[in-house]
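Participant: Can you keep this structure in mind? I'll have questions shortly.
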Amino acid sequence: MPSNEEDPLENILHSLESMVPDLDSISTEVNRITESVDKHFKAVASTLLEYPVAASIRDTIQSSSWLYERPRPSPPPPQRILPVTHLDSARGWVSEHRAVTAAVVAFIGTGVYLILRQRRADRTKRRALRAKTGSRKEVVVLAGSLLSSLTKSLALDLERRGFIVYIPVTSLPEEHLVQSESRPDIRPLHLDVSSEVATANAIEKFTSYIKAPQYPLPHTPPHNLQLSSLVLLPSLEPSNAPIATLSVSTWSDTLNANVIAPFAIIKAFLPLLVSQKASLLALTPSIVPSLKAASHAPQSVITASFDAHIATLRKEISHKDLNIVQVKLGSFDLGTSKSTERQMVATANIARAEHPGWDTAARAKHLKEQLNKLRNDRVKGSSLRELHNTVFDCVARGRGKGGTVFVGRGAWTYDLVGKWLPGGVVGWMMGLKQGRRNDLRPTEGSQEWEKVEHV
């Protein structure tokens with residue numbers, strides 16, 4: 001009996017033991033299915049995030065009113081927008097316009113550099129070298145018209161800076177005119193360029209004086225003089241008039257005084273300049289010769305002669321240590337006075353006597369144009385200080401060695417215009433400027449000329 005009772009129980013146990021592997025396989029299968037479902041949902045979720053649909057669904061859920069607050073996702077925090085400052089705006093503009101920014105910076109930087117350099121140059125002390133005893137030792141020969149205000153201004157400035165200035169003269173009245181300045185270091189140098197023998201003798205005496213020992217004070221060591229430069233300054237305002245009214249004698253006098261005489265002075269001083277290692281400065285106008293202005297043929301011819309002569313001389317003595325500098329002058333503020341206008345009127349009266357073929361209206365028109373030019377140009381030029389500093393730098397510091405230096409308002413600009421612009425364009429521009437002036441009627445010209453005669 002007991003054995004029969006145990007049989008059903010054993011059968012049940014055997015049945016349970018046989019079912020255990022089936023349960024293990026079921027749990028394993030369930031785990032696999034759940035993992036597959038989880039991976040599938042993750043893949044679907046990642047796919048939805050790549051498309052705007054996910055954002056749309058999220059926004060829809062957030063704005064839905066039928067959902068409770070708890071299951072609704074919280075909105076993202078608002079982004080903080082900082083206010084844009086002027087500095088940020090400037091940085092953005094600079095980053096977008098780099099080329100324009102670079103050009104503006106270069107332009108402003110160049111301008112500031114030039115201004116600072118000019119101010120520094122103006123503040124620099126310019127003084128000639130002196131001997132150990134304090135006496136003057138550097139000599140400058142200034143060959144220019146004694147009636148020119150530029151010649152007088154340069155002579156006084158060079159003497160003030162410590163040079164001994166010699167001015168060539170050809171007659172006793174000119175010598176008295178130099179001595180009338182009452183400056184012991186502005187001295188006349190008698191030089192008759194019309195005679196080669198007299199010129200050679202004068203240069204020989206001057207050379208002996210330069211090379212001889214100087215005793216400024218008794219019981220002091222001697223010192224030798226040094227020729228620093230020969231400065232040529234031809235007349236900037238020769239007898240200008242229409243070519244048809246210029247006589248042969250006028251041309252002869254003008255060229256002899258402003259071309260032949262300076263060239264003879266250069267020839268006479270050339271050996272001394274080379275031996276003393278001095279410099280040669282030629283100061284010529286730039287504005288009128290560059291434009292080839294009407295009624296200014298003498299000035300244009302004089303300047304062209306100097307340009308050719310200086311260029312040829314440079315090539316001939318290029319192997320020698322001689323600094324030849326051509327200084328082209330612009331417009332300067334010389335000031336005006338009634339005496340200057342009276343001098344111009346006197347010149348015009350002389351022109352009337354020399355050119356009887358010049359009708360009254362033409363003379364009056366030419367004179368009025370010159371007086372108007374004199375009045376209009378009073379305050380338009382550069383300061384004479386620029387000319388003084390430039391001449392000193394060329395004489396004592398070797399500025400512009402073997403080249404051309406421009407000084408004065410309009411010197412470089414008009415030189416560039418005359419070289420590169422066609423003559424028709426230049427004439428048209430000058431015609432526009434002259435067209436602004438009202439021409440005189442013949443009757444007015446006659447009355448004006450009659451007034452001129454009584455000034």
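Please treat every number below as a calculation from the coordinates, not as lab data. Quick caveat: nothing in here was measured; it's all calculated off a predicted structure. Positions of Cβ are backbone-derived with ideal geometry, glycine not excepted, and every protein chain shown enters the neighbour counts.
Participant: Based only on other Cβ atoms within 10 Å, what is the fewest-to-most ordering of Thr133, Thr85? Let's see the in-between values first.
Facilitator: On the way: Thr133 14, Thr85 9.
Taking fewest neighbouring Cβ atoms as first place, the list is Thr85, Thr133.
Participant: Could you give the length gained by full extension between Val105 and Asp38, i.e. 0.36 nm per residue of separation minus their alpha carbon distance, to one decimal place? Write down the numbers at each step before the final one.
Facilitator: Numbers: separation 67, 0.36 × 67 = 24.12 nm, distance 6.41 nm.
Result: 17.7 nm gained on full extension.
Participant: In addition: Past the 28 Å Cα-Cα mark, which pairs from Lys152/Lys205; Lys267/Lys401; Lys132/Lys328; Lys137/Lys205; Lys132/Lys205? Write down the numbers at each step before the final one.
Facilitator: Details: Lys152/Lys205 25 Å; Lys267/Lys401 20 Å; Lys132/Lys328 36 Å; Lys137/Lys205 18 Å; Lys132/Lys205 26 Å.
In this structure, Lys132/Lys328 lie more than 28 Å apart at Cα.
Participant: A follow-up question, please. Once the piece of chain linking Arg80 and Trp93 is laid out straight, how much longer is it, given 0.36 nm per residue of separation minus the C-alpha distance between them?
Facilitator: Working: separation 13, 0.36 × 13 = 4.68 nm, distance 2.34 nm.
Result for the pair: 2.3 nm of gain on full extension.
Participant: Right, something else. Give the residues of region 387-405 whose amide nitrogen is closer than 15 Å to a point set 7 Å from the Cα of Ile210 in the direction of its Cβ.
Facilitator: Taking a point 7 Å out along Cα→Cβ of Ile210, the residues of region 387-405 whose backbone N falls under 15 Å are 395-396.
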